[in-house]
Amino acid sequence: MTPRARTNQLLYQAELLLDRAPGDDEHTQARRMAAEEGALALCELALESLVGELTEFTEQAPGADWRSLLLSRDLPLAELERLRSLAERPDSWLYRLIACLDMLHSSDGAARRSTGAAQGMIAVGGQDLASELADCLQDAKQEIGALRLTNEEW
């Protein structure tokens with residue numbers, strides 16, 4: 001499988017996990033949380049694959065992970081610079097994805113239990129993880145297409 005095909009496969013699998021109906025029994029919440037964290041883990045693998053795809057023909061250090069390649073300025077590659085700028089913008093899909101990945105790697109994890117609002121209380125909060133990831137995936141796929149186009153031009 002080519003690096004491009006692997007990136008596409010991982011993104012597709014993450015979307016499949018997010019689209020899965022969790023069922024309706026005592027394990028519903030646990031299944032939803034597992035699917036969300038599984039999709040997030042697949043997103044990290046896809047990001048790793050994308051960075052590998054973009055740096056395939058460079059003299060990168062063997063075994064370098066996506067964080068070291070993306071977040072350091074050691075490899076001056078236009079596509080990586082574009083991703084680096086996205087990683088610094090709080091309104092970008094990559095910034096939000098990295099924040100979710102940081103939570104995934106923490107001892108608390110990224111998925112949260114649903115806490116139904118108490119009667120008479122107004123629930124205030126951000127997007128749930130599944131919705132956040134779905135939005136990130138949509139934006140990422142558009143960006144990946146543009147990154148691949150510029151990468152092929154070189």
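Asp25 to Asp108: FRET efficiency via 1/(1 + (r/R0)^6), r the Cβ-Cβ distance, R0 25 Å, to the nearest 0.05?
0.50
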Worksheet entry | Where the stretch 3-152 is the region considered: accessible area per residue in Å², 1.4 Å probe | 58 Å²
Fill in: Point-to-point label distance, Asp135-Gln13, nm (Cα→Cβ direction, 7 Å offset)
2.6 nm
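What FRET efficiency do you get for Asp128 and Arg73 if R0 is 30 Å and r is their Cβ-Cβ distance, rounded to the nearest 0.05? Could you put the intermediate results ahead of the total?
Numbers: r = 34 Å, r/R0 = 1.15.
For R0 = 30 Å, the calculated efficiency reads 0.30.
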Item to complete: Would you list the P(r) distribution for the stretch 3-152, with all Cα-Cα distances sorted into 10 Å bins from 0 and each bin expressed as a whole %?
Response: 10, 38, 32, 14, 5, 1, 0
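The values are calculated or read from the model by the stated rules, or taken from the named source; none is laboratory data. In this text the structure is predicted, and so the values were computed from the model without any measurement. Reconstructed Cβ throughout: ideal geometry from the backbone, glycine too, with neighbour counts over all protein chains shown. What goes into the accessible areas is simple: the full protein's heavy atoms, side chains included, and nothing from ligands, DNA or RNA. Shrake-Rupley method; radii C 1.70, N 1.55, O 1.52, S 1.80 Å.
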